[in-house]
Amino acid sequence: MKQDKFLLTIVIGIGVIALAVVALTLARRSTAYRTDETPEAIVHNYILAVQKKDYERAYALLADQPNKPDLETFQSDLLMNNSDIQRYVFRLETVDESSSTALVRVVQTQNSMIDSYRNDELARLTKTPDGWHLTQMPYPLWGWSWYQEPVKP
């Protein structure tokens, strides 16, 4: 009888810890778009739009430069990466901004019961008369071929 109570206490404790991890993960994900036009806000809004599968909104944040993907390619590439995108929690850190370019550190964290993974990458933005626009984001939020010179035969 004593062992049953001890085992039940352990199982309940594990359940409480698992619920706390889920609650913290959900609490860390900001679900509101930002209204300011800073580089950090543009990166935040892009990530949120991709997570919500609002591809037209995310696509509008890309820079109009040579070899920009069309909307269909953009959406297709992100749909292929969707399972990876949903596994990560994204956090934005430092911003290095000049008059025409900006870098925003994107920290990607994936936690599981077995291990955790952290990857720090940079988002690159360029400033145009219309405001800040993305020219590069870390995988899985970006397609490898976007903005690349096409291979010539």
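Taken over the range 44-98, the criterion of being touching a residue at least 12 places away in the same chain (Cβ under 8 Å), open to solvent by 30 Å² or more (accessible area, probe 1.4 Å) and of a type in the set (Val, Ile, Thr) is satisfied by THR73, VAL95. Within the range 102-139, the set of residues being surrounded by fewer than 16 Cβ atoms within 10 Å (Cβ to Cβ) and aromatic (Phe, Trp, Tyr) comprises TYR117, TYR139.
The values are calculated or read from the model by the stated rules, or taken from the named source; none is laboratory data. For clarity, every value in this text was computed on a predicted model and none was experimentally measured. Positions of Cβ are backbone-derived with ideal geometry, glycine not excepted, and every protein chain shown enters the neighbour counts. Surface areas here come from the heavy atoms of the whole protein model, side chains and all, with no ligands, DNA or RNA. Shrake-Rupley method; radii C 1.70, N 1.55, O 1.52, S 1.80 Å.
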